[in-house]
Amino acid sequence: MLEPSLDLYGETYERVEAVLADLLVKCHARYALIVDLKGFVLVHQRAVWAPKPPSLDSLATLIASNHSANVAIAKLFGEDAFRETVQQGADVGTYVEELGTEALLVTVFDGSAALGKVKLFTKQAVVRLLEALAEDHGPPPTLDLDEAFSDDAAKLFDGLFGKRTQP
Amino acid sequence: MSTINFSAREINFKLVYYGPGLSGKTTNLKQIYEHVPGDGKGEMVSLQTEDERTLFFDFLPLDLGKVNGFKTRFHLYTVPGQVFYNSSRRLILRGVDGIVFVADSAPNRLRANAESLRNLRENLEEYNLRLGEVPYVIQVNKRDLPDALSVEMIQAVLDPSRSVPHFEAVASEFKGVVEPLKAVSKMVLEKLAQKA
Ligand SMILES: Nc1nc2c(ncn2[C@@H]2O[C@H](COP(=O)(O)OP(=O)(O)OP(=O)(O)O)[C@@H](O)[C@H]2O)c(=O)[nH]1
Ligand SMILES: [Mg+2]
């Protein structure tokens, strides 16, 4: 069986999205993302008023790597991890909380939000998200992949470098 | 462990370019970035020193399009090859699905190739992985060097049992760059299809 890093599907996924949307409203943040520790975006939400976000792939990769570097630094001092990770620029900032052992919740905010609120509601969101994830949500969907899958993907790879051939 | 997002219908894979310092790992990603047209790639991120040596990693997302109704993406990473950046190298290997080992053909780098491969095995152990279990190919780079070692010599050191697919390359001229990427990706996809 394949193991996604978080059991995010069906109803759980919708609940998770709703928690993120609610978080954005409560602390007036721009974006909220769940990123796995490998640097992939699992879910994201954007406030209606927020400008178009930068590349979420880049953001997720940098957040996850930064987090793993921070944990490594903490371990040098005998700590398990540093308690919180805030990055603040002149206008935009990010706040990161661990979400279980495999993922991170990232809140991106700007000058229109109060940092105290961002921290408080992000922490609350983590609790609600872990509750949603802990619930029994039935067996995961199955992924039907056959040999054709890797052949099709190989053809698409050729396409990637210019020779577009549809499988 | 590929990341599958059922709700967004996405499958993501992480490929890592490993190898000794200056073997040409970053060059591979730069060349791929240059040769993939706009919609197939995302932004390339490079965390490097002032003299363009990789400090933490390079990152390039590639978008294959839809396979079996799933948006299929490969995230390419390089590690810093310089010996003293080992803690960074280890972090980058987290969750790796496939590896391209970029070997240097220069005679004075033969030992560095072997040491880097040993270091790769050690770092994989931290994640309870063995090299034999991870889809893995070797790119023998810098074939244009006038004093390049023979491929057989490099193979004898890196893969004495000759069981690992290898590809000759001049990465700086985009020669032999696509082939190892394609080969390792195919292995990664086949592994996923077997597990499914
Ligand atoms: N002659 C020759 N030079 C190459 C080739 N590929 C890369 N180079 C050169 O080798 C040098 C190092 O390349 P990089 O791609 O930065 O090496 P790297 O493996 O990323 O090095 P680190 O980041 O320190 O680990 C650059 O000057 C490249 O232009 C090749 O096929 N032939
Ligand atoms: Mg490099």
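Please treat every number below as a calculation from the coordinates, not as lab data. Just so we're clear, the structure is a prediction, and the values are computed from it rather than from any experiment. When we count neighbours, we look across all protein chains shown, and the Cβ atoms used for this are built from the backbone with ideal geometry, even at glycine.
Using only DSSP helix segments of four residues or longer, with each worth -39500 (n - 2.57), what per-residue ellipticity at 222 nm results for chain B after dividing by its residue count and rounding to 500? After summing the helix terms and dividing by the residues of chain B, the value is -9500 deg cm²/dmol. Which pairs, out of A:LYS52/B:LYS41; A:LYS155/B:LYS175; B:LYS30/B:LYS195, put more than 29 Å between their alpha-carbon atoms? The pairs that break the limit, which is 29 Å between Cα atoms, are B:LYS30/B:LYS195.
When the Cα atoms of the protein assembly as shown are aligned to their principal axes, the ranges along those axes come out at 64, 47, 36 Å in descending order.
Residue by residue, region B:110-119 carries 3J(HN,Hα) couplings of 4, 5, 4, 4, 5, 5, 5, 5, 5, 4 Hz when phi is fed to the Karplus relation 6.51 cos²θ - 1.76 cosθ + 1.60 (θ = phi - 60°); x denotes Gly or Pro. Sorting A:ASP152, B:ASP97, A:ASP110, A:ASP136 from the fewest to the most surrounding beta carbons within 10 angstrom yields A:ASP136, A:ASP110, A:ASP152, B:ASP97.
Inter-part distance, region B:128-196 to region B:13-75, computed on C-alpha centroids, equals 16 Å. For region B:1-146, the equivalent ellipsoid derived from the Cα gyration tensor has semi-axes of 26, 18, 14 Å, listed largest first.
Amide H contacts under 5 Å for B:TYR18: B:VAL100, B:PHE101, B:VAL102, restricted to partners 5 or more places along the chain or on a different chain, H placed in the peptide plane at 1.01 Å from N. Taking label points 7 Å from Cα along the Cα-to-Cβ direction, A:GLU131 and A:LEU76 give a separation of 4.0 nm.
Ordered from longest to shortest, the equivalent ellipsoid semi-axes for chain A are 31, 20, 19 Å, each the square root of 5 times a Cα gyration tensor eigenvalue.
If r is the Cβ-Cβ distance from B:ARG162 to B:GLU122 and R0 is 22 Å, what FRET efficiency results, to the nearest 0.05? The calculated FRET efficiency here is 0.45. Counting only the backbone N, which residues of region B:142-181 are under 12 Å from the spot 7 Å out from the Cα of B:LEU131 toward its beta-carbon? Taking a point 7 Å out along Cα→Cβ of B:LEU131, the residues of region B:142-181 whose backbone N falls under 12 Å are B:155-165. For region B:1-105, GluC sites (Glu not before Pro) meeting the loop criterion (DSSP other than H, G, I, E, B) and having at most 14 other Cβ atoms within 10 Å: B:GLU43, B:GLU50, B:GLU52. In the elastic network of chain A, a GNM with C-alpha springs shorter than 10 Å, the most mobile of A:GLU147, A:GLU14, A:GLU135 is A:GLU147.
The residues B:ILE154, A:ILE34, when put in order of fewest to most other Cβ atoms within 10 Å, stand as B:ILE154, A:ILE34. For chain A, excluding the exposed loop sites themselves (chymotrypsin sites (Phe, Trp or Tyr not before Pro), DSSP loop, at most 16 other Cβ atoms within 10 Å), the longest remaining stretch covers A:83-167.
Across B:VAL100, B:VAL137, B:VAL45, mean-square fluctuation computed from a Gaussian network of chain B (C-alpha pairs under 10 Å connected) peaks at B:VAL45.
Name the residue, out of B:TYR18, B:TYR77, B:TYR127, whose mean-square fluctuation peaks in a Gaussian network model built on chain B with Cα pairs under 10 Å. Highest fluctuation among the options: B:TYR127. Counting neighbouring beta carbons within 10 Å and listing from fewest to most, the residues A:ASP91, A:ASP36, B:ASP159, A:ASP158 come out as A:ASP91, A:ASP158, B:ASP159, A:ASP36.
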